[in-house]
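A short worksheet on the structure shown next.
The values are calculated or read from the model by the stated rules, or taken from the named source; none is laboratory data. A quick note: this is a predicted structure, and the numbers were derived from the prediction, not measured. A quick note on method: Cβ atoms are made from the backbone with ideal geometry, for glycine too, and the neighbour counts reach across all protein chains shown. We work out accessible area using only protein heavy atoms, side chains counted, and drop any ligands, DNA or RNA first. Shrake-Rupley method; radii C 1.70, N 1.55, O 1.52, S 1.80 Å.
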Amino acid sequence: FVLFFWVLNASAITEEIDFKRFNEAQKCFKESGRDENKRIRCAQDSLDLGKKIFKPTSKNIITLTYNLAMAHPRLSSERYIGFERALQMSESKFGADSIELIDSLLALANEELENRYINKLYDRAADIFSEQTGEKSISYATFCMRIAEESILYLNTKGRLRTSSRYAEQASKISAKESQFIATKYANDYFQDCLWKTEEGKTIGSVSY
């Protein structure tokens, strides 16, 4: 009994130490600023310690994997592989059509060099998002603008320009229709309000009977 208690107590102490080191690594990562080597080291330490604390399939491990990828230089193989791994983990945990995949899909698309894969990733993210919000919503238009901007953020090729233009045009069309709808609805609501408030031929606003 004493031996069993000692084992449990030792395990609790080890876990407490791991949590402390994990929090220190997370703080180091957040405060690393532009120090690339420090950022990568702290992100790697966070992931390594996180694996001791959290379940392998937990969302925390996915986030730590994503953060490690973000820590690496843009267009590096380590960054690409990290985002790819985060996406695979998200697919396994949440399913192939989950909104939880969005950030990893866009991050991976931003790093991709081949046009056919670029569009495949952006289009997949857009399809998932539109299923959640509706393809004619302002939220979806905003998301299309996000793709339009991110797709040429630090890779400005002809293929990416075409992708950016396509999503910008889509966002513009949705926004124009939504603005027209809002204006029409406002006018109708105002007209109905005038009808309700008009009494015995009195003039309310510019409407009189």
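Observations
- Per-residue SASA remark: Phe129, around 40 Å² accessible (1.4 Å probe; ligands, DNA and RNA not included).
- For Ile174, the solvent-accessible surface with a 1.4 Å probe is about 20 Å², rounded to the nearest 10.
- Counting Lys and Arg as +1 and Asp and Glu as -1 over every other residue whose Cβ lies under 10 Å from the Cβ of Ser104, the net charge comes to -3.
- Å³ per residue enclosed by the Cα convex hull of segment 21-79: 71
- Set the Cα radius of gyration of segment 57-113 against 2.2 N^0.38 Å, with N its number of residues, and you get 1.02.
- Measuring between their Cα centroids, segment 108-165 and segment 47-95 lie 21 Å from each other.
- In the complete set of protein chains, residue-level accessible area for Ile102 is approximately 10 Å², probe 1.4 angstrom.
- Out-of-range pairs (alpha-carbon distance over 23 Å; input Lys93/Lys136; Lys20/Lys55; Lys27/Lys93): Lys93/Lys136; Lys27/Lys93
- The Cα-based radius of gyration of segment 1-138, divided by its Kirkwood radius, gives an Rg/Rh of 1.11.
- Each residue of segment 135-143 is assigned a 3J(HN,Hα), and the resulting list reads 6, 10, 7, 5, 4, 5, 4, 5, 5 Hz, derived from the Karplus form 6.51 cos²θ - 1.76 cosθ + 1.60 (θ = phi - 60°), x at Gly and Pro.
- Among the GluC sites (Glu not before Pro) found in segment 63-139, those both in a DSSP coil and sparsely packed, with 11 or fewer other Cβ atoms within 10 Å of their Cβ, are Glu114.
- Shape analysis of segment 67-189 yields a ratio of the Cα radius of gyration to the Kirkwood radius, Rg/Rh, of 1.05.
- Along segment 50-59 the Karplus relation, 6.51 cos²θ - 1.76 cosθ + 1.60 evaluated at θ = phi - 60°, assigns HN-Hα couplings of x, 5, 7, 9, 9, 5, x, 9, 6, 5 Hz to successive residues, with x for each Gly and Pro.
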